[in-house]
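No value in this document is a laboratory result; all are computed from the given coordinates. Note that the structure is a prediction, hence the values are computed from the model and not measured. Neighbour counts are summed over all protein chains in view; Cβ atoms, including those assigned to glycine, are modelled from backbone coordinates with ideal geometry.
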């Protein structure tokens, strides 16, 4: 049984933003030598999610609009009033991105079969930035043989 954990950095531009990280995950799988097992893809952030979906540009635009409309950034959230009341720490009000994260989640598990990610024809793995552009970290944890 092999275990491997690799962390890679991604620079995001805005929120919400869907960033296709499938190839980065696949590179990690190939380099690991794991032929059969699974990959857990995990965001180390409470305002950036990991999800599997289709990489069709119009669908991505629709999903970004949905996130912004269901939990808009301009609302009066207690987190913004209290946790971000001190603007000297450089943090922006971001309650909306934490709340959006509740609907999406921090990780996905993907089977590995014959050294390949066992995804459906149109499935891609996304890091979804929910806050503003910044540096993010994604962990790919592999378990298998």
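Worth pointing out:
- Which label in (i) 18.0; (ii) 16.1; (iii) 15.4 gives the computed Kirkwood radius over Cα pairs in Å: (ii)
- Principal-axis analysis of the Cα atoms of the chain puts helix 57-70 at an angle of about 40° to the longest axis.
- Annotation: the residues 130, 26, sorted from fewest to most other C-beta atoms within 10 Å of their own C-beta, follow the order 26, 130.
- Fewest-first sequence of 131, 20, 62, 76 by Cβ atoms within 10 Å of each Cβ: 76, 62, 20, 131
- Diffusion constant of segment 38-112 at 37 °C, which comes from Stokes-Einstein with the Kirkwood Cα-pair radius and 0.692 mPa s, µm²/s: 232 µm²/s
- Taking other Cβ atoms within 10 Å as a rough exposure proxy, 110, 40 sort from fewest to most as 40, 110.
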